[in-house]
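Read-outs throughout are calculated quantities, based only on the coordinates presented, and are distinct from any laboratory measurement. Computed from a prediction, not measured in an experiment: that's the story for all the values here. Cβ atoms come from the backbone with ideal geometry, glycine included; neighbour counts cover every protein chain shown.
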Amino acid sequence: MLNYQAPARDMEFLLFDLFQVQREWADVPAFQDIDPDLVRAVLSGAGKLAGEVLAPVNQAGDREGCRWTDGLVQAPTPFKPAYRQLAEGGWLGLSGNPAYGGQGMPKLLGCLVEEMFWGANTAFYLYGALTVGAAICLDAHGSEAQKALYLPKLYSGEWSAAMDLTEAQAGTDLGLLRTKAEPAADGSYRLTGTKIFITSGEHDLSENIVHLVIARVHGAPKGTKGISLFIVPKFIPDAAGRPGKRNGVASGAIEHKMGVIGSATNLMNYENAVGYRVGEENAGLACMFTMMNYERLAVGLQGLGAGELAYQQAAAYARERLQGRAPGGPQRPEAEADSLLVHPDVRRMLLTIRAYTEGGRAFAMLVGRSLDRAKYSGDKRCQALAELLTPIAKAFLSDKGFECAVLAQQVFGGHGYIKEWGMEQIVRDTRIAPIYEGTNGVQALDLVGRKVLRDGGAALRVFVQEMTVDEVPKEYEEPLRSAFDRLLGVTDWVVAQAPEDPNLPGAASTDYLELAGLTIYAWLWARMAQIAPDEPFGEAKRRTAAFFFAKLLPQTAALDHSIRAGSGAVMGMADELF
Ligand SMILES: Cc1cc2nc3c(=O)[nH]c(=O)nc-3n(C[C@H](O)[C@H](O)[C@H](O)COP(=O)(O)OP(=O)(O)OC[C@H]3O[C@@H](n4cnc5c(N)ncnc54)[C@H](O)[C@@H]3O)c2cc1C
């Protein structure tokens, strides 16, 4: 079984020691009632749900999968009681707007809760994550009536949500979408078209499904400037807000896929489906981005949760499995062999996972904090930072999550490849994270092409200035300074070269995102090492920090070289030679 135990000690360390939430939240009126006891109660409640309810049905959901019959989809049987507990516990409204029944908790805390749910059962939590994201979008862009009708139902989990963007010919390039929306006499619209790959587009866990659909109103401009956003409920709410008449939106099929098998991925058909516009006509993509940005961080958290789950299995296995002898002579002469932990290469794998997972947790919280600051202080610099960090959070956390899943599988040797231990499921379930919600290649392009080049690297520069080396262990001051110089230097180089070479941002972007991610993690690791307590937990932190600086941060030198190689090496070969 894939056991999952919430990393509560680490989470408390990050909240109270690294991010000092007592101080952080003291000046925010919305967070006045949040004291350490409440924070611990939230963490412990979420950890219990994750470990005792969601994790035990992870493999069962993978085995059973979803069933499609005549347009209706059944989610895996054991997901039903688990979903009830998720909903009834109020977890979907944790960071929701209190005016509509949400609990108004900080995103900084929400990140940790979501990491636990993803880690315990990725396929299951996809039903929740889309609902949370849709609620954020409606809260930001919906009319008063839309908020009053939909938000309480979404926060309570009675209704769930889906995000309907992708079409067969419109994946990354949403400007190519063809789903049409015709205005109706009563101010609503009628939608016609087909979408593919819609997560939670149809299932039987909630009494209604709220689709947020992008479509083109008759006569709208071509491309992304002609996209509008609509609420298309599966059952049209009646005057009292109860699910009424069945709408013309239905699942035409579900996908058979590599992983997240318990999550229903639907082909959705809209036949004169009643839709209610959100925001202005032709401004739908900007509204949708509110949801997509949330989902991007959420998918990063998916990778992070997977890394934690994978580590827990691999570390337990490495302690127990006896193979070979320590290079310096037997460590357990009384036994037939030593444990896997005596082998340097096994330790390399475990420490790599740990460095990326614990560093990733701190990084996700940094992004959560900047989102909270942007929302509650209205400070434009915080907004710019959140925007800068979002593509890194999506891509770096999910890439590293997948890498960690594969490394943990490797620790199991052949036992990682067979189904019994569950490691192959973690690998399959995590493989989607670098693909959906905007592929990681597209995230990297967003980082370089939009976030860095747009302001000539100004927001990045401000952020690097904030990552001071004042409060880090002496031995990390110099490597950190070099890492910052490298990031700033290569940023200047890209900013200077890009106008001369249109292919440069695309050729450099994945390496650049990786370099930025490693640099930020280095700073977080140095800070964590500085404040780690004098006990085994702190000793492990300091050792993992040392591993990060010695073995992972040096990759930035190679990335720097690769970026400065420019676009010639990738663009030189003619199309017909591929
Ligand atoms: C399991 C699953 C669940 C999903 N859930 C949802 C959902 O709930 N809602 C939804 O709307 N969609 C969903 N999707 C769709 C998903 O978001 C898309 O598959 C993804 O965005 C990529 O689009 P695509 O598959 O058409 O690939 P393409 O856009 O065809 O891309 C193919 C490759 O080309 C690269 N590429 C494309 N354009 C560019 C560019 N401009 N610059 C650089 N590289 C580029 C990509 O990075 C990728 O490597 C889901 C997909 C899957 C598999």
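Data for the structure
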quantity	calculated
For region 442-562, diffusion coefficient by Stokes-Einstein and Kirkwood Rh (Cα), 4 °C, 1.567 mPa s, µm²/s	86
Chain lengthening between Gln85 and Asp204 when straightened (0.36 nm per residue, less Cα-Cα)	41.3 nm
Calculated P(r) of the chain - Cα pairs past 31 Å, %	49
Using alpha-carbon coordinates, inclination of helix 107-120 to the longest axis of the chain, degrees	80
Label-point separation, Gln5 to Ile435 (7 Å along Cα→Cβ), nm	3.4
About the Cα centre, charge dipole magnitude for the chain (Lys/Arg +1, Asp/Glu -1 at Cβ), debye	540
DSSP beta bridges in the chain [antiparallel fraction, %, rounded to 5]	80
Reach of Lys451 by Cα under 18 Å, taken over lysines that are not fewer than 8 positions away in the same chain	Lys380, Lys394
Cβ-placed point charges (K, R +1; D, E -1), dipole of region 345-495 about Cα centre in debye, nearest 20	300
Likely footprinting exposure, Trp25, Trp525, fewest C-beta neighbours within 10 Å first	Trp25, Trp525
Karplus-derived HN-Hα couplings along region 283-299 (A = 6.51, B = -1.76, C = 1.60, θ = phi - 60°), whole Hz, x at Gly and Pro	10, x, 5, 4, 5, 4, 5, 4, 6, 4, 5, 4, 5, 5, 5, 4, 5
Ascending count of other beta-carbon atoms within 10 Å, so fewest first, for Phe230, Phe13	Phe13, Phe230
Charge dipole magnitude, Cβ of K and R +1, D and E -1 - region 447-568, Cα centre, debye nearest 20	220
Difference of contour (0.36 nm per residue) and Cα-Cα distance, Glu144 to Ala558	143.8 nm
Extended-chain gain in nm, criterion 0.36 nm per residue less alpha-carbon gap, Leu72 and Ala496	147.2 nm
Förster-model FRET efficiency, 56 Å R0, Glu182 and Arg325, C-beta, rounded to 0.05	0.15
Per-residue HN-Hα couplings for region 163-171 [Karplus 6.51, -1.76, 1.60; θ = phi - 60°; Hz; x = Gly/Pro]	10, 9, 10, 5, 10, 3, 9, 10, x
Unsatisfied cross-links (Cα-Cα over 30 Å) in the set Lys225/Lys375; Lys195/Lys419; Lys222/Lys400; Lys147/Lys195	Lys195/Lys419; Lys222/Lys400
Surrounding net charge for Thr352, when Lys and Arg each add one and Asp and Glu each subtract one, Cβ distance under 11 Å	+3
